[in-house]
Structures are given as C-alpha cells and as structure tokens.
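The next block holds one structure in the form of structure tokens; read it before the comments.
The numbers here are math on the coordinates, done by the rules we state, and not lab data. The model shown is predicted, which means the values in this text are computed figures rather than measured ones. Neighbour counts are summed over all protein chains in view; Cβ atoms, including those assigned to glycine, are modelled from backbone coordinates with ideal geometry.
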Amino acid sequence: MKKIILFAAILFICTFSINTMAQQNNNLVKDKNQWTGTTEQKIWGLMTIWSEVKFGFPYPEKLAQIEWDNKVREFIPQVIESDNMEAYYNVLMEFVALLNDSHTSITPPWGPFKPNFDMPPIELRILNDKFIITRVGESNETASENIYPGLEILEIDNNIPIQKYFQEKVLRYYSQTTKQADEALLGAYLFMGPAGEKIKLKVKDVDGSNRNIELSRNSICSNGQPFMYQFLINFFIANTIETKMLENDILYVNIPNFGNEQIASDFVQLIDNLDINGVNGMIIDVRYNMGGNSKICNKILGCLLNNEIKSTIMNFPNYSAANKAWGKETEWSKLSHSIKPRDEKKYLGPIMLLLGPTTGSSAEDFVIALKTDQRASTVGEKTSGGGGNGLHSMLPGGGDFTVSTFKSTYPDGTEYIGIGIKPDYEVQPTVKDIFENRDTILEKGIEVLLSK
C-alpha cells in the first residue's frame, strides 16, 4: 500500500511538473509570437513561410516557375516597410497567394474575416467572366433595391470594373488551385468591408438595362439570421444529409460535407432502412461539399462500392541534404490505402453524382473512388481540383500559416490537382437558369439516370 501511495505521489508531482513546464512552454511560445513589429520579427515570419514551402511544398514546378528563392528577396523590403500588423499580413498573404494552392494559406490573428467586417446578404458566382448574383437574403434593402438571382454586377465604388476590383482586392491575397474554384469560392471576399458601410454598385438586369444601386454591408436578414454562402453553410453548419424521393423513384441525397461523423452515421442508417427494390437510381449531390475527413468519406463509400479499391495516392517529397550534396534528385514517397465495401447492406444500383467547382478535397476523393469502381456517372461542372493536407506554423502576432504537404492523384497516377475532375456530362447553369430558379444540373442527372 505504501508503494502504491508513494507511486501515486510521485505520479502527481511528475504530472504537475510536466503540466507546469508545458504551460511555461506555451507562455514562451505566446511571448515569442506576440506582435512587436520589429524588423527582426517581421523578417522571421516571412522566412518561416519561405522555408516551410521550400522543403515541404509538393509542387516543385510551381516554385521553379515563380522563382521562390528570388521572390522572397523581393518581399523582404515590403515586410520591413509594413508599419502595422494588418499591413504586414497583407504582404504575407500576397506572397503566399503566388503559390495558387487551395491547401496553402494564411489565417491572420483576427481570423479569415476582419473584426467588425460584414457583407450584404447576397451570394455571388462568376460565370463566363460575368459576376452573377445566385442567392439573395430577404431584407428591406434587398427588396427595395430589387436584388434578385440573375442580376449581373458590372461596377463597384467609383465606377471600378468589378473584374478589376476582384483581381486587385481579392485574387491578390487569396487563391485556390484552379480558376473555377477561385470564381466559385472567393466571391465571398468581394464585398467584405466595415460593417454598415454602403457599397455603390452598377448592375445589369436580365432585360439588359443598367442601373445604380446601394447596399449596406449588413448580412442580417429579415428573419434575424446572418446570410452565408451555401458552401460555408454546408461546411461549417450542416450536420446531416438531405434526402428526398424524386420522380420515377429516384432517391436524391445531398451530402454537405465529410467533416461531421453524424453525416456518415445518417447515411449508413439511410442504406440500412432503404427498400432497395423500390429505388430506380440514386443522385448524390456533392456540388457544395468542400471535403473534410477521409475516414468519414470512406465509411459512406463502404455502403456504395462493389469491390475493394485503392484510394487516391498521396505523393510527397522527402528532402535529404545528403542527396542534394550528391547531386541526386529529390526522392518521392507514395501513400494510399484500401477502401472496402461494408459487410452489411449496400446500395449497388445506378448512381449519378452532381459536381461543381466547390467540390473539393476529400469530396473529390469520394468522386474518384466511385469512378474507379465504375459505380457512378457524373454531371455538372469541373470540381475544384484542390487536395492536400496542411502543416501549420505560427506567425508573429498569432497568425497561422498552412502549407500543403502532399499532391494527390488518381489510383492509376492520373493528375487532377490544378485541373479538376471533368464530369461525364458537363452542364453549367446560365443566367436564365439562375433567374428562373432552374436546376439544370439536377435535371440532366435525372434524364441520364432514366435513360440508363
């Protein structure tokens, strides 16, 4: 008993000491990263980004194209000249945006959006270089200004062409891996600014006439809820699948993300309770699914696969100073795993996947798996073409830098990063479709399923 008591006392003392040391280390890290604005600190943050990218970024061709080592020298004077933390982070974000990678980014200390910043309750999509409103939150202002889906935005404050404004105010600091992802995702930053401030816009109605409007940066709708882009709702808020039976006994399933375990559980329950003989086909909508956790994705795939298949392949560089001294090329590792059908009930009937430019990361893995097993056809638009897994580093003032650490390919080595997955049946909504609230991608999916 004494030994046990002595052991417990020692364990308590050790645990207390370890916890105390850990807290002290955390405090040291916080102190180290506390914003001071010194030249040394600002250069240290820039070089942290440079070094993590140089030795871990899995796209050496990009680094060669932009001359990464030379480019960092160009940014040293800019970070030195930045006279406050916001200006400093703008420089860092501009530097990282050169990499054009969806899993490589900077989150400033204040988060993805600045405090006390807001936007009008409208969702924007760029279609064929036209800035089209696709969703509108109900408010007195959107009603009085006659804002509706299908309205095109031509100019913003002081008659600046919207394309130029987007290039200078958004793409300069943010980037995805492909043009289609930039145009679908980054519109969320276009109208961000001081809350309550008015934005002057020149718009084009569907009848071809132009007019000027004003909107407040106030996302709160008439129901008291803040307006959000659909892909943000799907990624951060949605916690279950949406299902409904369409015409001709076609089951529609919307999988909003692969980041919530409940979504996988609900899908498994759907299959367990499904009358297989009463379903002529399944439409799975991942148009606004930006990804999440591969384990959750694979759990859903297990309900749909015929065969055990290989996952997408993760390719990552193994830097070796010795190999570099010997003049050898960088060695690469490949990593994949098996995805197995579940032993219990599965749905093995026809599947149609609905794709869009915000379909990304593990959602693209999901599409590739079903295509590899020849389980599904696809309809819609090219996916985002962005995959990877981020390595995090802390920056001065408490910001976060994330760099992608691997490049994904199909199991057979086919590349899709920076390209996107092209659907079997390409369909892009038109302005007329948006104005008439027609889902032509879903309509095409139903048509193809019925023909099969």
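One table, with the values for the structure above:
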quantity	calculated
Charge dipole (debye, nearest 20) of region 231-451; +1 at Cβ of Lys and Arg, -1 at Cβ of Asp and Glu	700 debye
Cβ crowding within 10 Å averaged over residues, with 140-149, 303-312, 379-388 ranked highest first	379-388, 303-312, 140-149
Distance between modelled label sites at ASN389 and SER51, nm, 7 Å Cα→Cβ extension	2.4 nm
Net charge contributed by nearby residues that have their C-beta within less than 13 Å of GLU145 (K/R +1, D/E -1)	0
Equivalent-ellipsoid semi-axes of the chain, from the Cα gyration tensor, Å, largest first	38, 34, 24
Whole-angstrom gap from region 313-331 to region 210-236, using each part's C-alpha centre	48 Å
Net dipole in debye of the chain [+1 Lys, Arg Cβ; -1 Asp, Glu Cβ; about Cα centre; nearest 20]	1260 debye
Centre separation in Å (Cα based) which lies between region 241-255 and region 99-144	29 Å
FRET efficiency, GLU308 to GLN262 (Cβ-Cβ, R0 25 Å, nearest 0.05)	0.45
Kirkwood Rh and Cα Rg combined as Rg/Rh, region 231-451	1.02
Theoretical gain in end-to-end length, LEU63 to ARG211 [0.36 nm per residue, Cα-Cα removed]	48.8 nm
Dipole magnitude of region 336-452, debye to nearest 20 (Cβ charges: Lys/Arg +1, Asp/Glu -1, about Cα centre)	260 debye
Helical contribution to [θ] at 222 nm, DSSP H n ≥ 4, -39,500 (n - 2.57), averaged over the chain, rounded to 500	-10500 deg cm²/dmol
Computed FRET value (nearest 0.05) for GLU197 with ASP400, which takes r as the C-beta separation and R₀ as 30 Å	0.60
Descending Cα extents along the principal axes, region 365-416, whole Å	49, 24, 14
Semi-axis lengths, Å, region 402-450, gyration tensor of Cα atoms, sqrt of 5 times eigenvalues	31, 16, 8
The chain: antiparallel DSSP beta bridges as a percent of all, rounded to 5	75 percent
Charge dipole (the chain, unit charges on Cβ, about Cα centre) - positive-most of ALA325, GLY356, PRO256	ALA325
Residue-span extension gain [LEU246 to GLN374] - 0.36 nm each, minus C-alpha spacing	43.7 nm
Helical segments meeting 24 Å axial Cα length and Kyte-Doolittle -0.5 threshold in the chain (DSSP H)	2-33, 39-56
